[in-house]
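Working notes, structure below.
The values are calculated or read from the model by the stated rules, or taken from the named source; none is laboratory data. Keep in mind that what you see is a predicted model, and the values were worked out from it rather than measured. Heads up, the Cβs are rebuilt from the backbone with ideal geometry, glycines too, and the neighbour counts pull from every protein chain shown.
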Amino acid sequence: MNATHINHVTLIVEDVVVAGKFYEEEFGMEPLPALPVDFPTAFYKINDTQQLHLSQWEDVRSFRGHICLHVDDFNSCYFRMKELGIIDIKPFGKVRTLPEGAMQMFVRDPSGNLIEISSSPNYDLDPRILDDEFYEDGMYTSGRNDYSGFKSEEAKLYHSQ
C-alpha cells in the first residue's frame, strides 16, 4: 500500500463563515457541499482531486504548521496579502526566492492558520517585490544548527520538475 495524493486538508477555524469568505475571495476557491456532520464545516475545491475543509472548533493552532497553496499569479497575491496586512514573517522569515526559482511567502488566515504561498519556478516576478521591506534574499535560517533529517542541495519543492 502506498499513499497516492493528498485528498484534503482540514484547517480549524474560529468562524467557518468568515474563513470561508477569505478562501473564496482571496484564493478563488469554489464551495462544495460538505458532509452532514453535527458541527460547523465548509468544503472547498482546490482542484479536481484536492479539497480544503474548514471546521469550526476552539482548538489551539500551531505556530509553524501550515499548508502550502500554489498560486498562478504570485505578484497580485503578494500585493493583496500585503494590503490585507497578513504576511507573517515570524515563523519562517521574509518572502524569498527558493533555490529552484519558486517564490515563497507565509500569510495568516482570519483564524490564524499559517498558509504558505508559492509560485512556479522561474515565475516572472514583479521587481518591486525584490525591493520591498518583506523580501529577503537567501534561504531562511532558524539558528538552531540542527541538521537532522533527510536533506540535499538537490531538493525541490516541485518534485515532478
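Can you say whether residue 137 is surrounded by fewer than 16 Cβ atoms within 10 Å (Cβ to Cβ) and touching a helix residue (DSSP H, G or I) at 6+ places or on another chain (Cβ under 9 Å), as far as the supplied structure shows? Spelling it out, residue 137 is indeed surrounded by fewer than 16 Cβ atoms within 10 Å (Cβ to Cβ) and touching a helix residue (DSSP H, G or I) at 6+ places or on another chain (Cβ under 9 Å).
When you look at residue 123, is it in contact (Cβ under 8 Å) with a residue 40 or more places away in the chain, outside any strand (DSSP E or B), out of contact with any helix residue (DSSP H, G or I) (no Cβ under 9 Å at 6 or more places or on another chain) and hydroxyl-bearing (Ser, Thr, Tyr), yes or no? Answer is no for this residue.
Restricting region 115-126 to residues that are within 22 Å of residue 26 (Cα to Cα) and surrounded by fewer than 16 Cβ atoms within 10 Å (Cβ to Cβ), which is modelled with the lowest pLDDT? Checked region 115-126; the qualifying residue modelled with the lowest pLDDT is 124. Counted as qualifying within region 24-114 are the strands (runs of 3 or more DSSP E) with 1 or more residues that are crowded, with 17+ Cβ neighbours inside 10 Å, namely 41-45, 51-56, 66-70, 103-108.
From the list 52, 98, 84, 69, the one residue that fits, being under 17 Å from the mean Cα position of the chain (by Cα) and either assigned by TED's automatic domain parsing to the domain that holds residue 5 or of a type in the set (Phe, Trp, Tyr) (or both), is 52. The residue that is nearest to residue 70 (Cα to Cα), among those in region 10-23 that are part of a helix (DSSP H, G or I) and out of contact with any Phe, Trp or Tyr (no Cβ under 8 Å at 6 or more places or on another chain), is 22. Annotation note: of 79, 27, 22, the sole residue that is in contact with a strand residue (DSSP E or B) (Cβ under 7 Å, 6 or more places away or on another chain), among the aromatic types (Phe, Trp, Tyr) and either assigned by TED's automatic domain parsing to the domain that holds residue 128 or over 30 Å from residue 143 (Cα atoms) (or both) is 27. Selection of region 1-34 for residues being within 16 Å of the chain's Cα centre (by Cα) and β-branched (Val, Ile, Thr) yields 6, 9, 10, 12, 13.
Kindly evaluate residue 92 against the criterion of being out of contact with any helix residue (DSSP H, G or I) (no Cβ under 7 Å at 6 or more places or on another chain), hydrophobic (A, V, I, L, M, F, W, C) and closer than 30 Å to residue 17 by Cβ. The answer is yes for residue 92.
Considering 4, 10, the condition of being modelled with pLDDT of 95 or more and among the polar types (S, T, N, Q) is satisfied by 10 alone. Of all the criteria given as (1) at negative phi; (2) surrounded by fewer than 17 Cβ atoms within 10 Å (Cβ to Cβ), the one not satisfied by residue 129 is (2).
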